[in-house]
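Just so it is clear, none of the values below were taken in a lab; they were calculated from the coordinates. What you are looking at is a predicted structure, and each value in this text was computed from that prediction instead of being measured. Don't worry about glycine lacking a Cβ; one is built from the backbone with ideal geometry, like all the others, and counts go over all protein chains shown.
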Amino acid sequence: MGNFVDHVKITCKAGNGGNGSMSFHREKFVLNGGPDGGDGGNGGNVCFYADLNMHTLLDFRFKSKYTAENGVDGAAGNCTGKRGEDLIIKVPVGTVIREAESGAVVADMDTAGETRTILHGGRGGWGNRHFATPTRQAPNFAKPGIKTEVHTFLLELKTIADVGLVGYPNVGKSTFINKVSGRKTAKAEDRPGVTRGKQWVPVDKTLELLDTPGILWPKFEDPNVGVRLGFTGAIRDDVMDMEDLASRLMAYLGAHYPDALTERYKIAVEPGEQGWELLEKAGRKRGFLMSGGEVNTERMARILLDEYRAGKLGRFTLELPEENA
């Protein structure tokens, strides 16, 4: 299952018209056979087809240039060149096609099975037989085919999912989708930030789920929410002070799970001990000392956060029932 892609830019070009032929009839015992140059074939059109079996625009990320077949040049004997094949570009139902420069809507592919011609191929040129007149019986020229230009379009998918899962990072959205769909379609790991983009997950022919990355709002009513998300790594470490975050984590674990600290870092947790004191105590026990015997709390903070996120300290909850509940 590929990532969900809802807008792409592509370039399209209709086929050029074939050139008309400049030739004269040559046949034994036929005097002054006259012009018999055939017309060039028309260029192929560029068409879009709304395919019910497509769900994303991901394919256009790997191929963005589309060119229809050119018309074949005319030939002697009044032979008209072959018309260029139309280029059919399949898009998901609900795709809106816009001109990249102006933003104007060219087509709205909102009906399954619908086909819309966006660019018309160039017309084939006339052969020299068209230019014969009573006073110009041997025209030595033909008309070239019409050349087409490259156009840039923006494709935007406005398909609506049946169900969308939205929530904090690392709360189990992808795992839930995998359970519902009965297969491991959405990538899921025991760390935040695994889902980097939107993913369509079809459950059956009547139901599709849309998995989205975890979202955060700019300001939390409870500042502890941001701190807890920092514990899990849902907020990047460069956004928050690592030593302060580790001290807060030590204080929480010391208050609610002191045995875990004792088992992992071989330190005794005294009642009322601050998180900074526990961080220094664990760092000294691990031998993280700098010159002068000072504890390297930055190194210990990184170790603590890494081991907590990896589950090496055990399984904990960061949300406890309120005391007055």
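The table below lists the values:
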{"read-out": "Which of Leu31, Leu279, Leu57, Leu304 has the fewest Cβ neighbours within 10 Å, and the rest in rising order", "value": "Leu31, Leu57, Leu279, Leu304"}
{"read-out": "Pairwise Cα inverse-distance average, inverted: Kirkwood Rh of the stretch 270-318 (Å)", "value": "11.7"}
{"read-out": "Cα pair distances exceeding 15 angstrom across the stretch 1-58, given as percent", "value": "73"}
{"read-out": "Sum of side-chain charges, Gly124 neighbourhood, beta-carbon under 11 Å (Lys, Arg +1; Asp, Glu -1)", "value": "+2"}
{"read-out": "Residues Val239, Val72, Val93, sorted so that the one with the fewest Cβ neighbours within 10 Å comes first", "value": "Val239, Val93, Val72"}
{"read-out": "Ala107 long-range amide H proximity, modeled H, under 5 Å", "value": "Ile97"}
{"read-out": "Cut-off 15 Å between beta-carbons: net charge of the residues surrounding Arg98, Lys and Arg +1, Asp and Glu -1", "value": "-3"}
{"read-out": "Cleavage-rule hits (trypsin sites (Lys or Arg not before Pro)) in the stretch 1-58: DSSP loop, at most 10 neighbouring Cβ within 10 angstrom", "value": "Arg26, Lys28"}
{"read-out": "Semi-axis lengths, Å, the stretch 1-121, gyration tensor of Cα atoms, sqrt of 5 times eigenvalues", "value": "42, 12, 11"}
{"read-out": "Whole-Hz ³J(HN,Hα) from phi, Karplus 6.51 cos²θ - 1.76 cosθ + 1.60, for the stretch 49-54, glycine and proline x", "value": "10, 7, 9, 5, 8, 9"}
{"read-out": "Ellipsoid semi-axes in whole angstrom, largest first, where each is sqrt(5λ) of the Cα gyration tensor of the stretch 107-161", "value": "45, 12, 5"}
{"read-out": "Too-long pairs where the Cα-Cα distance tops 27 Å, listed order kept, from Lys82/Lys147; Lys63/Lys179; Lys28/Lys147; Lys9/Lys179", "value": "Lys63/Lys179; Lys28/Lys147; Lys9/Lys179"}
{"read-out": "DSSP-assigned coil residues among chymotrypsin sites (Phe, Trp or Tyr not before Pro) in the stretch 1-106, each with at most 15 further Cβ atoms within 10 Å", "value": "Phe29"}
